[in-house]
Protein chains: 2
Amino acid sequence: MMHQQDLPLLVDLYELAMAQAYWHEGMQDRAVFSLFFRDLPENRNFVLACGQRNIAEVLEGLRFSEDHIERLKQLNRFQPGFLEWLRSFRFSGSLHAVPEGTPLFPQEPLLEIEAPIAEAQILESLIMNYVHLESVLATKAVRLALAADGRPVVDFGLRRMHGIDAGHRSVRAFRLAGLSATSNVLAGLDFDMDVNGTMAHSFVQAYPDELEAFKVYARLYPGTTLLVDTYDSRRAVQRVVSWLREDPAAKIGAIRLDSGDLAAEARDCRRILDDGGFPEIRIMASGGLDEYRIARLLAEEAPIDGFGVGTAIGVAVDAPALELAYKLTEYAGEPKMKSSSGKVSFPGRKQVFRVLGDDGRIVRDTVAGRMEKAEGQPLLEPIMEDGRILPEVVGSLASQVDGAQQAIASLPDPLLGLEPAEPVPVQISDYLTQLQRDTLAVVAGQRR
Amino acid sequence: MMHQQDLPLLVDLYELAMAQAYWHEGMQDRAVFSLFFRDLPENRNFVLACGQRNIAEVLEGLRFSEDHIERLKQLNRFQPGFLEWLRSFRFSGSLHAVPEGTPLFPQEPLLEIEAPIAEAQILESLIMNYVHLESVLATKAVRLALAADGRPVVDFGLRRMHGIDAGHRSVRAFRLAGLSATSNVLAGLDFDMDVNGTMAHSFVQAYPDELEAFKVYARLYPGTTLLVDTYDSRRAVQRVVSWLREDPAAKIGAIRLDSGDLAAEARDCRRILDDGGFPEIRIMASGGLDEYRIARLLAEEAPIDGFGVGTAIGVAVDAPALELAYKLTEYAGEPKMKSSSGKVSFPGRKQVFRVLGDDGRIVRDTVAGRMEKAEGQPLLEPIMEDGRILPEVVGSLASQVDGAQQAIASLPDPLLGLEPAEPVPVQISDYLTQLQRDTLAVVAGQRR
C-alpha cells in the first residue's frame, strides 16, 4: 500500500526530467501555470471547483527524503546536483484559487500557481490529481442534491470509489456539494458530516425469519431504518406494521427499498404504513439511483423521503473525468501559450469577475488579466504565498459549505436543472484578447 | 489527508452496526460471502479480476487502535462490550480467490471470504473498494493492450485517476493487464515497471525557440523522445532532421504527437524522418487515445510505434464501475440467498472449473459447489487461512504477470476483440442448481 510520505515520488517522470533540465540550464525564473478546462462534459452545466485546500496542504508539506533520493537514483537519469536540489526542495510559490464549491465554466481557472519553473513543473500531476478528483465528484454530487429538491441524499459510494483516498476525500466534496450524510464512518467523522446507515440484506438473511432480524435491530437501534426488500417489500412492511401495533415500545424511523419498481413499491408501502397508523415512518430508496431516476421518482410523486446513492456519485459514472489542463501561461514575465490545432487558451495570469443581478443570480463572467479591474466580484484569491498557506483565507469547512451553497444558488435556474442549458456568458477581456493575439504572433514565428 | 492507519474506520456504518448486533446476539457462526458480478458492463467481454493480493495484506494487518475506539464512541451507537470486541479484532477467516489477472464472467466469484459473520460483515466495503478499483482498471487496460497489438502502451493516467491510492495501485493492475510502462515514478519503482516519459508542451514554450528546447533535452537525455506538436509537428520534425544531420552526436529515440489528426501527422512525420535518413526514430502518439482510436489508427496503417494513454485507462472512462456484489451465501452451514426481483444468485461456497481446448483456449466454465469435482482447472484457491496469507501461494509479481498473460491468451479470439462477443458458456453445476432451488423454497416461506 502507498505510504503517505511517498507523495513526493507520485509524479510523472517527465516532470522530474524537465525540472532537471531547468536546474541544469539555470532557468529559475518564475512561471505561472493555470488549471482550467476547455469544455464541459456532456450532462454537466458547470464544474464545481473543489480540492484546492487539500492540495495546498500537500504542497506546504512536500519534502523529498533520503529514501526518495535513493530510489530516484535507481532510474539512472538524475545528476547528483539535481538530487541535491530535490533534497532541499520546499515549495516556495503562490497559489491563487477560486473558493471551493464555486461553479465554473470553460476557460475559467480553478487555480493558478506561480513559482520558479522547476517547482511548478514538478507539481503538475499531483495538483491535477487532487483537484480533478474532488471537482469531478463534487460536480456530480451537486446534481443529485439538486434533483432531490431538498430531500436528503446520503452517500453510499465507498465500495465503488476508486481506492481509499477517493473513498475519504469524496465525502468532503460531497458535503460542499450539498449532500446530507454519508455511510462512511472515517470520512464522516473527519469532515463532520452525519454518518448513517441501515442494514444489509445479509443481516436479514442471517436470521431464519426476517421479522426476527428487524426486532433485533430495533431493540439495539431505536428509530432505525429497516431494509425491507430482501424477500418481498410489501409483505415485509405488513409484518412490520402488525408487529409495531402489538409492541408499542418498538420504534422504527424508516424503511428502505433497494430494488424493484421503487415508485410502485414506495406507494404501496406508504399506504400500508399509513393505514397501519404509522404515517411518521419515512421511506428511503436506494439501488442504482442517479439524478435522472431521482427526478423521475419525484415527478411521479413517489412518496420517497430520502435517497441513498452509491455508484452514480462514487465514480461520477457518466463523466468520471474532466479534461483539466495545467498550462504554462507565463514564464519570466512573458505571456505563453500553445497553438496546437483546436485547443484555445489564453496567456498570462488571470482573474475571473462574476456579475450578479439584483436577484442574486449570475448575469455574466469576465475572464481578465490578474491586474485588471472589471465589473463584478473577483473569484480567484491568494491562498498560498511563499509556500505557506495564508491564515484565515479559507474558513471552517462549515463556512465553506455555506459559501458553496450560496455560490450554487447564484446559478440561473436552467443551469440548476439536469438538462443541458445555455451557459452563463463568459466574456474574455479586451486586454486578454489582445494578449492572446500578441502571443500568437510570437508563437507564429515557431511555425515558419 | 487520510492516514493509512485509519483504514479500519473506512467502513460503512451499517457494517459496524450489524457487527454489533451479531456480537450482542452472540451470533458467532461462520459466514461465507461471495464477491461476484451479475452482468458485464457494455463494452466489456470479461472482467480481469485483480486486487485480491492487496486486500489480503490489508486484512492481515487490520487493527482498531485506541484512537479509533475513541472516535467511534463519538457516534453514540456502540456499547462498551462491542468496542472491546473491536479492540481485540483480528481477521481470523479464510479467503479463496482466483489468481489476479484471471478473466471472469458473470456469476463467477472473484473471491470468497469465510469468517465469523461479524468479521466478514465489517470488511464488506473495504474488500469491495480494493477489488473493485483494481479490477475496473485492469479490465479497461487489457483492452488497450489488445488493441495495440503488440505495440507498447504506456500509462499516462496519474493526473486523472481518482486520488493517490488509485494513482498508485493502478500501475500494478496495468502491469498485470499487459501495459508496457508507466509515467508514474513511485508506482513504477514499487511495481518494477518501466518508468518513462518525455516532455510537456510547457517545456517547449519556456524556451524562445522550440529547437533550443529540443537540444537541451537531447544533450541531457540522449535517445529521448521529443514532443513535436506544440506549434506545428511537421515543421518541428523538419527542423529536428536538419539539426540531426548537422550534429551527428545528437541522439533522438522518438518523437511524440499529442494532437491533431494523428494518422496524417504520423504519416507525414514518418516520411520526413525517413527521407532525412532517420528511419530508426520511432513515433509515439498520445492525446485522448482509447482502444477504439488505437485500433482505428492501426487499421489505417498509421506508422505509430507506441501509444501513451491517460484518461481512458486512468478512470476506465466508459465503465468506471462494476456492479460487484458481496453476498452472503452461507451462514452456520446453511445456504443463503436473496430473492429480490431480477437479481439471480446462487447460494453456498463455490468453485469455478475452466475447461481448455487442445488449442489452449477456454471451451467452457462451470460454476460448482466448492467441494464438487468437475472437469477442468479449478480457478479459486485458498490465499488466506486463519487470518494469515498463505506463503508461496501467490508468486512474484513477474510470475503473476506471466500467469495473467497466459490466462488472457486463453480467451477465444472474439473475446479478445473490442466488439461485444458471445461469452464463454458458463454452466451452473447440477448440485448448485438444486441448492438454489432448495434455498429458494426456504426463502419462499418469508414471502408468504
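The values are calculated or read from the model by the stated rules, or taken from the named source; none is laboratory data. Here the structure is a predicted model, which means the values were calculated and not measured. As a convention, Cβ positions derive from the backbone with ideal geometry for all residues, glycine included, and neighbour counts pool all protein chains shown.
Quick test for you: out of A:ALA250, A:ALA254, pick the one residue that is more than 30 Å from B:GLN205 (Cα to Cα) and touching a Ser or Thr at 6+ places or on another chain (Cβ under 6 Å).
Being more than 30 Å from B:GLN205 (Cα to Cα) and touching a Ser or Thr at 6+ places or on another chain (Cβ under 6 Å) holds for just one of A:ALA250, A:ALA254, which is A:ALA254.
Tell me the strands (runs of 3 or more DSSP E) entirely within the stretch B:342-386 that contain at least 1 residues that are among the hydroxyl-bearing types (Ser, Thr, Tyr) and over 17 Å from B:GLU330 (Cα atoms).
The strands (runs of 3 or more DSSP E) meeting that bar are B:362-369.
Keeping to the stretch A:206-228, report how many residues are part of a loop (DSSP other than H, G, I, E, B) and touching a residue at least 40 places away in the same chain (Cβ under 8 Å).
The initial filter retains those residues of the stretch A:206-228 that are part of a loop (DSSP other than H, G, I, E, B), namely A:207-209, A:221-223, A:228.
Retained after the next criterion (residues that are touching a residue at least 40 places away in the same chain (Cβ under 8 Å)): A:228.
Of the residues in the stretch A:206-228, 1 are part of a loop (DSSP other than H, G, I, E, B) and touching a residue at least 40 places away in the same chain (Cβ under 8 Å).
Could you grab me the full set of residues in the stretch A:73-98 that are within 33 Å of the chain's Cα centre (by Cα), crowded, with 20+ Cβ neighbours inside 10 Å and either farther than 30 Å from A:PHE353 by Cβ or hydroxyl-bearing (Ser, Thr, Tyr) (or both)?
Kept after step one, since they are within 33 Å of the chain's Cα centre (by Cα), are these residues of the stretch A:73-98: A:86-98.
This time we only want the ones that are crowded, with 20+ Cβ neighbours inside 10 Å, so: A:86, A:91, A:93, A:95-98.
The answer is A:LEU86, and nothing else.
With respect to A:GLU70, determine if the residue is more than 7 Å from every other protein chain (Cβ to nearest Cβ), in contact with a strand residue (DSSP E or B) (Cβ under 9 Å, 6 or more places away or on another chain), surrounded by fewer than 17 Cβ atoms within 10 Å (Cβ to Cβ) and more than 21 Å from B:VAL154 (Cα to Cα).
Details: more than 7 Å from every other protein chain (Cβ to nearest Cβ): yes; in contact with a strand residue (DSSP E or B) (Cβ under 9 Å, 6 or more places away or on another chain): no; surrounded by fewer than 17 Cβ atoms within 10 Å (Cβ to Cβ): yes; more than 21 Å from B:VAL154 (Cα to Cα): yes.
It is false that A:GLU70 is more than 7 Å from every other protein chain (Cβ to nearest Cβ), in contact with a strand residue (DSSP E or B) (Cβ under 9 Å, 6 or more places away or on another chain), surrounded by fewer than 17 Cβ atoms within 10 Å (Cβ to Cβ) and more than 21 Å from B:VAL154 (Cα to Cα).
Tell me yes or no: at least one residue of the stretch A:149-168 is more than 7 Å from chain B (Cβ to nearest Cβ) and closer than 12 Å to B:ASN129 by Cβ.
Checking the stretch A:149-168: at least one residue is more than 7 Å from chain B (Cβ to nearest Cβ) and closer than 12 Å to B:ASN129 by Cβ.
Restricting to the stretch B:260-274, name every residue that is over 12 Å from B:ARG234 (Cβ atoms) and in contact with a helix residue (DSSP H, G or I) (Cβ under 9 Å, 6 or more places away or on another chain).
B:LEU262, B:ALA263
Condition test on A:PRO222, is it more than 7 Å from chain B (Cβ to nearest Cβ), modelled with pLDDT under 95 and farther than 30 Å from B:GLY167 by Cβ? Break it down into steps so the answer makes sense when it comes.
Values: more than 7 Å from chain B (Cβ to nearest Cβ): yes; modelled with pLDDT under 95: no; farther than 30 Å from B:GLY167 by Cβ: yes.
No: the conditions fail for A:PRO222.
Hey, A:LEU144 hits all of (1) assigned by TED's automatic domain parsing to the domain that holds A:TYR326; (2) more than 23 Å from A:GLU57 (Cα to Cα) but one; which does it fall short on?
In the conditions (1) assigned by TED's automatic domain parsing to the domain that holds A:TYR326; (2) more than 23 Å from A:GLU57 (Cα to Cα), A:LEU144 misses (1) alone.
Could you go through the stretch B:259-269 and let me know if any residue there is under 21 Å from A:TYR14 (Cα atoms) and modelled with pLDDT under 95.
Just the residues of the stretch B:259-269 that are under 21 Å from A:TYR14 (Cα atoms), to begin with: B:259.
Then keep just the ones that are modelled with pLDDT under 95; that gives B:259.
There is at least one residue in the stretch B:259-269 that is under 21 Å from A:TYR14 (Cα atoms) and modelled with pLDDT under 95.
Select, from A:GLN436, A:GLN405, A:GLN400, A:GLN446, the only residue that is under 23 Å from the mean Cα position of the chain (by Cα), surrounded by 15 or more Cβ atoms within 10 Å (Cβ to Cβ) and more than 19 Å from A:GLY357 (Cβ to Cβ). Break it down into steps so the answer makes sense when it comes.
Values: A:GLN436 fails: under 23 Å from the mean Cα position of the chain (by Cα); A:GLN405 fails: more than 19 Å from A:GLY357 (Cβ to Cβ); A:GLN446 fails: under 23 Å from the mean Cα position of the chain (by Cα).
Result: A:GLN400 is the single residue among A:GLN436, A:GLN405, A:GLN400, A:GLN446 that is under 23 Å from the mean Cα position of the chain (by Cα), surrounded by 15 or more Cβ atoms within 10 Å (Cβ to Cβ) and more than 19 Å from A:GLY357 (Cβ to Cβ).
When only residues in the stretch A:169-205 that are touching a residue at least 60 places away in the same chain (Cβ under 8 Å) and more than 19 Å from A:ALA316 (Cβ to Cβ) count, which is nearest to the other protein chains (Cβ to nearest Cβ)?
So the residue we want is A:THR198.
Yes/no per residue for (1) touching a strand residue (DSSP E or B) at 6+ places or on another chain (Cβ under 8 Å); (2) hydroxyl-bearing (Ser, Thr, Tyr); (3) more than 9 Å from chain B (Cβ to nearest Cβ):
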site	(1), (2), (3)
A:ILE304	yes, no, yes
A:MET337	yes, no, no
A:GLY369	yes, no, yes
A:GLY376	yes, no, yes
A:PRO391	no, no, yes
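Collect the residues in the stretch B:24-60 that are assigned to a helix (DSSP H, G or I), surrounded by 23 or more Cβ atoms within 10 Å (Cβ to Cβ) and within 11 Å of chain A (Cβ to nearest Cβ), keeping them in residue-number order.
B:ILE55
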